[in-house]
1. Using Cα springs under 10 Å in a Gaussian network model of the chain, which residue among 102, 115, 64 shows the largest mean-square fluctuation?
2. Give me 100, 94 ranked fewest to most by other Cβ atoms within 10 Å of their Cβ, as a rough exposure proxy.
3. Rounded to the nearest 500 deg cm²/dmol, what is the calculated helix-only ellipticity per residue at 222 nm for the chain, with -39500 (n - 2.57) per DSSP H run of length n ≥ 4?
4. Over the stretch 53-129, one equal point on each Cα, no solvent: what is log10 I(q)/I(0) by the Debye formula at q = 0.12, 0.16, 0.19, 0.23 Å⁻¹?
5. Would you mind computing, in nm to one decimal, how far apart the modelled labels at residue 106 and residue 158 are, each placed 7 Å from Cα along Cα→Cβ?
6. Between 21, 171, 71, which gets the highest mean-square fluctuation from a Gaussian network model of the chain, Cα cutoff 10 Å?
7. Among DSSP beta bridges whose residues both lie in the chain, state the antiparallel percentage, nearest 5.
8. By how many degrees, 0 to 90 and rounded to 10, does the Cα axis of helix 68-79 deviate from the longest principal axis of the chain?
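Readers should treat all values here as calculations from the given coordinates under stated rules, not as data from a laboratory. Since we're looking at a predicted model, the values are computed, not measured. Reconstructed Cβ throughout: ideal geometry from the backbone, glycine too, with neighbour counts over all protein chains shown.
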């Protein structure tokens, strides 16, 4: 069986791929630590709007977050190649993370989760529920959703959130809930 090749590079992107500063963020949509870090990535995106940086966000799934895989497929199904839709829908989902966390889903079925994702897509953008349920199960979405974790493994990423700045790991550089000021302290001197 041939190995499926993703249609695009891993990650959703903001900024310039030619910028001197390239940031890579590896997050899990069900990870509470990723949820804490997410507002700083949005602040970073909103602060550097003139192509000063490149920001690639790679959505990976950790094994202890049971619902993350399907919720991630829902993001890929809805966002497709649209980076802005990805950022907006991920923000929407982080705000509702308690609805699909392990505890609340202990006695629910896989179909319950898929229905919740379809409800989220409908509420977020009016996306047709039936179309969402079909799209989540396509081979294209499957390939797009699994590409980031394969890419993460080549960089030694094993936890989320994990950040790289120009290829260097930023472990230990930030508080658990990073701020824009913390990001600026490492980014601005490089600009």
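1. Top of the fluctuation ranking is 64.
2. Least to most surrounded, the residues fall as 94, 100.
3. -14500 deg cm²/dmol
4. Debye curve over Cα of the stretch 53-129, log10 I(q)/I(0) at q = 0.12, 0.16, 0.19, 0.23 Å⁻¹: -0.33, -0.57, -0.80, -1.15.
5. 2.9
6. 171
7. Roughly 60 percent of the DSSP beta bridges within the chain come out antiparallel.
8. Taking Cα atoms only, the helix is inclined about 80 degrees.
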